[in-house]
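Below is one structure, written out as structure tokens, with a few remarks after it.
The values are calculated or read from the model by the stated rules, or taken from the named source; none is laboratory data. Remember, it's a predicted structure, so these values are computed and weren't measured experimentally. Virtual Cβ from ideal backbone geometry, glycine too; neighbours counted across all protein chains shown.
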Amino acid sequence: MAAEAASAPKKAIVVDDWKLIHNSKRPETRPEFELFRFREDPLDSKDVADQNPEVVARLRRQLGAWRKTVEATRLKPDSETARSIGGEELERLRALGYVQ
């Protein structure tokens with residue numbers, strides 16, 4: 001695997017015996033989605049996405065739902081938090097190292 005392919009952004013989901021990898025920014029040599037049999041192929045050497053389009057579609061939806069949940073629960077940056085709380089509380093949080 002080329003260094004650029006190894007460092008490209010990826011997301012993955014493992015469900016039952018399947019592992020779906022989403023290559024969000026991929027080199028031309030890689031497909032957007034790769035599917036592997038997790039237990040049979042722990043080194044991800046044989047992409048079986050073409051033979052299992054229904055599994056790819058199902059796991060793609062699950063991965064998308066997970067990403068939406070993560071985005072919705074992401075904490076606000078310190079700068080936004082600092083604007084929404086009082087000065088005394090902000091100083092206490094700074095003293096504890098929670099806010100910079």
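General remarks:
- Residue in segment 72-91 that is farther than 13 Å from Ile13 by Cβ and either in contact with a Pro (Cβ under 7 Å, 6 or more places away or on another chain) or at pLDDT 95 or above (or both) present: no
- Residues in segment 1-51 that are modelled with pLDDT of 90 or more and over 18 Å from Arg67 (Cβ atoms): 19 in all.
- Counted as qualifying within segment 27-100 are the helices (runs of 4 or more DSSP H) with 3 or more residues that are touching a residue at least 24 places away in the same chain (Cβ under 8 Å) and hydrophobic (A, V, I, L, M, F, W, C), namely 53-73.
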